[in-house]
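Peer 1: Got a structure for you, written out below as structure tokens; questions coming shortly.
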Amino acid sequence: MAPLEVSHGEAIFQQGDPPEQVYFVSEGQLECEYDPKLDSRAKKRRPSGEAVVGRDGKPRVVATLGPGDHFGETAMLEARKARNLTVRCVTASCVLRAMSMARFSEILRQRPELHFTVQRAAQMRTNQRIRNVVASAADEDLRVVSFAPGETIFRQGDPSDSFYVLESGEVEMSLVPPLHSVASCEQVLESGEV
């Protein structure tokens, strides 16, 4: 992997770009920016690479990365066709190493223990980013709701008009597959998970 040097303010990739590589940070600091107005289908990306802005006029910084960190792998792990964040160099320069998604995927297939570790790290990092987005929106529409044991929070097919962060307790999820038989989720969410 040859070193890739980027300058201050330069985006490694932008929210909505197709995922092609995984990156490893050797030097410098990068910020992961999320624009709530954009999603993977957004057409509002700017070809110049300049920052895209959120409701408050600025993108939301949901994570900071430095030497030893890696990024870009969650798109592969989640089989996404687009990046969900913009990653930008915020120091004078950043030195990265890049690996194609295909090669990274091959390495993970060959080493299941590494695949598990990378997947768990990505999940934890994603959960922290979601918490950061929720915290930055706290003064907007955030409210605390409580549910009684056994109470339904939402049903499959309901409009998705809310985002929930579990502060305490447990939630059981179920899915009605096409054959109309109920299959329980393999994972029960615990406090602090999203």
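The values are calculated or read from the model by the stated rules, or taken from the named source; none is laboratory data. Model, not experiment: these values are computed from the prediction. Cβ atoms come from the backbone with ideal geometry, glycine included; neighbour counts cover every protein chain shown. When the accessible area is computed, the model is the full protein with side chains, heavy atoms only, and any ligands, DNA or RNA have been set aside. Shrake-Rupley method; radii C 1.70, N 1.55, O 1.52, S 1.80 Å.
Peer 1: Once the range 58-130 is represented by equal point scatterers at the alpha-carbon sites, with solvent omitted, what log10 I(q)/I(0) does the Debye formula produce at q = 0.21 Å⁻¹?
Peer 2: -1.12
Peer 1: Using a Förster distance of 30 angstrom, determine the FRET efficiency expected from the C-beta separation of Ser160 and Ala2, and round it to 0.05. Display every interim value, and only then the final one.
Peer 2: Details: r = 43 Å, r/R0 = 1.42.
Calculated value: 0.10.
Peer 1: Express the accessible area of the range 71-120 per residue in Å², computed with a 1.4 Å probe while the remaining protein chains stay in the model. Before the final figure, lay out each step's value.
Peer 2: Working: 2590 Å² over 50 residues.
Counting only protein heavy atoms, the per-residue value for the range 71-120 is 52 Å².
Peer 1: Using a 10 Å cut-off on Cβ atoms, rank the peptides 112-122, 12-22, 166-176 from the highest mean neighbour count down.
Peer 2: Values: 112-122: 13.2, 12-22: 19.9, 166-176: 10.9.
Packing order, densest peptide first, comes out as 12-22, 112-122, 166-176.
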